[in-house]
Structures are given as structure tokens and as C-alpha cells.
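Contents: one structure, followed by commentary.
The values are calculated or read from the model by the stated rules, or taken from the named source; none is laboratory data. Source: prediction; values computed, not measured. Reconstructed Cβ throughout: ideal geometry from the backbone, glycine too, with neighbour counts over all protein chains shown. Quick note on the areas: whole protein, heavy atoms, side chains included, nothing else; ligands and nucleic acids left out. Shrake-Rupley method; radii C 1.70, N 1.55, O 1.52, S 1.80 Å.
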Amino acid sequence: MTILTFPAINYPSQLTWRLIANTQTHRSPFDGSTQTLRMAGERWAATLTWETLKEDDWRLLTAFVSRLGGMSGRFYYGPYHAERRATGTGTPLINDSIQTGGAISVKGWDASAQAFKAGDFLSYNDANGRPLLHQVTADSTASGAGVATVSIAPPVRRSVADNTPVEFAAPVAVFMLGGDDFSTTFRPGRFGATTLEIVEALV
């Protein structure tokens with residue numbers, strides 16, 4: 001399946017970004033106590049709203065959505081609303097192929113660089129070349145050797161190869177439409193308005 005690139009149009013006038021958790025809750029019939037298990041399958045989702053689209057932009061967007069064919073299509077999208085705030089530089093790479101849980105080890109930073117600040121995002125490709133998107137949940141600073149331990153959400157889904165590049169300037173994931181129905185409202189002056197629901201497409 002070809003993964004498309006989202007069209008280069010104006011940013012949405014409003015964006016709602018969210019992480020959909022995947023949990024399972026068990027309530028004891030004996031004492032009412034509750035246990036909740038965090039499971040794999042967390043995914044990113046967003047609602048993109050354009051209140052005013054110029055003709056060139058709505059034509060590009062509607063053509064793109066038509067090409068997707070509803071929920072069957074796939075495309076790259078990222079948290080463009082949340083640029084990285086950390087100032088450290090380097091060429092970050094996954095450090096060691098054994099990565100699990102809510103933290104990853106990243107090498108290749110300049111010595112003692114500020115790798116990430118809480119709320120930043122990063123992505124890296126899995127063995128199939130599909131980007132995995134994470135939000136950084138705590139500030140992270142590299143050691144003198146240029147290695148940083150980075151707390152992330154959602155947790156690591158699959159281990160990736162050592163030396164896999166880590167993208168921090170424009171991290172992305174693979175998304176799909178949240179439904180098969182899409183409409184655009186038009187007004188005089190050839191302006192359009194629309195809302196697009198998207199959700200991360202896990203494999």
C-alpha cells in the first residue's frame with residue numbers, strides 16, 4: 001500500500017490532538033476493588049478544522065481525501081502544532097536494539113545536550129520502515145558521552161534496530177481517516193470550510 005504525503009496547505013484554524021489509550025478494567029464482584037491494565041494499541045488521533053480555506057487549498061485537500069478512498073487510505077501526519085523546544089543538537093540514533101517500556105535510549109547527541117523537553121515529540125522507523133510516534137513525558141539531557149534516556153508515551157510497541165535515526169524536527173506517524181464520510185462547506189468568494197477526523201493506523 002502506498003502511503004501518501006499530506007498536502008501542503010495552510011495549517012488548520014483549530015486542531016484537537018489526543019492519545020487514545022487502550023485499557024482493560026476488572027471490578028471484583030466480592031469487594032468492589034478495581035484493577036486497570038494498560039494494554040498495547042494506544043494510538044494518536046486528531047480533529048483538524050479549517051474555518052476558511054482558499055480555493056487552491058480546498059481543491060488540494062478534497063482531491064487528497066478523494067484519493068484516499070475513505071478509511072482504506074494511509075498518509076503521513078505529525079504534531080506540527082508542537083515544535084521541539086529543547087535546544088540540544090546532534091545526530092540522534094536508537095542506542096541498542098533492545099528497547100521496551102516507557103523509555104528509550106538515544107545516542108548521538110552533543111555532549112550534555114538538552115535532548116528533549118517534556119511535551120516534545122519524536123519518531124523513528126520500525127523494521128518495516130513505518131514511523132512510530134511518541135511524546136516525550138519528561139525533560140531529558142544527554143550524558144557527556146552523548147547518550148540520553150528519554151521517557152515516552154505511548155510505550156515502545158516493537159524493538160527497532162540499533163542506530164535507527166530518531167526524527168525530532170518533523171516527527172510523523174501513519175494515519176487514516178476516522179470515517180468514510182467527508183464533506184466541505186462552500187461560501188461566496190470560493191472559500192471552503194471542513195473538518196477532518198484522523199487516527200493513527202497501527203499494524
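Of the residues making up region 156-202, those that are under 30 Å from residue 87 (Cβ atoms), open to solvent by 70 Å² or more (accessible area, probe 1.4 Å) and either in contact with a Gly (Cβ under 7 Å, 6 or more places away or on another chain) or not charged (D, E, K, R) (or both) are 163, 165, 169. Filtering 58, 44 for residues that are over 30 Å from residue 116 (Cβ atoms) and aromatic (Phe, Trp, Tyr) leaves a single hit, 58. Return the residues of region 1-29 that are aliphatic (A, V, I, L, M) and out of contact with any helix residue (DSSP H, G or I) (no Cβ under 6 Å at 6 or more places or on another chain); say none if nothing qualifies. The answer is 1, 3, 4, 8, 15, 19, 20, 21. Report every pair of residues separated by at least 6 positions or lying on different chains whose Cβ atoms are under 7 Å apart, first residue within region 175-203 and of a type in the set (Asp, Glu), second open to solvent by 50 Å² or more (accessible area, probe 1.4 Å) and assigned to a strand (DSSP E or B). Partner pairs satisfying both residue conditions: 200/43. Tell me whether region 74-88 contains one or more residues that are surrounded by 15 or more Cβ atoms within 10 Å (Cβ to Cβ), under 30 Å from residue 191 (Cα atoms) and among the acidic types (Asp, Glu). The answer is no; no qualifying residue exists. Within region 2-43, the set of residues being among the acidic types (Asp, Glu) and out of contact with any strand residue (DSSP E or B) (no Cβ under 9 Å at 6 or more places or on another chain) comprises just one member, 31. Which condition from (1) at positive phi; (2) in contact (Cβ under 8 Å) with a residue 12 or more places away in the chain; (3) open to solvent by 20 Å² or more (accessible area, probe 1.4 Å) is the one that residue 144 breaks? Looking at each condition in turn, residue 144 falls short on (1).
Give the residues of region 127-141 that are surrounded by fewer than 16 Cβ atoms within 10 Å (Cβ to Cβ) and either at pLDDT below 95 or under 15 Å from the mean Cα position of the chain (by Cα) (or both), sorted by residue number. Correct list: 127, 128, 129.
Out of (1) touching a Gly at 6+ places or on another chain (Cβ under 9 Å); (2) of a type in the set (Ser, Thr, Tyr); (3) touching a residue at least 40 places away in the same chain (Cβ under 8 Å), the odd one out for residue 149 is which? Result: residue 149 fails condition (1) only.
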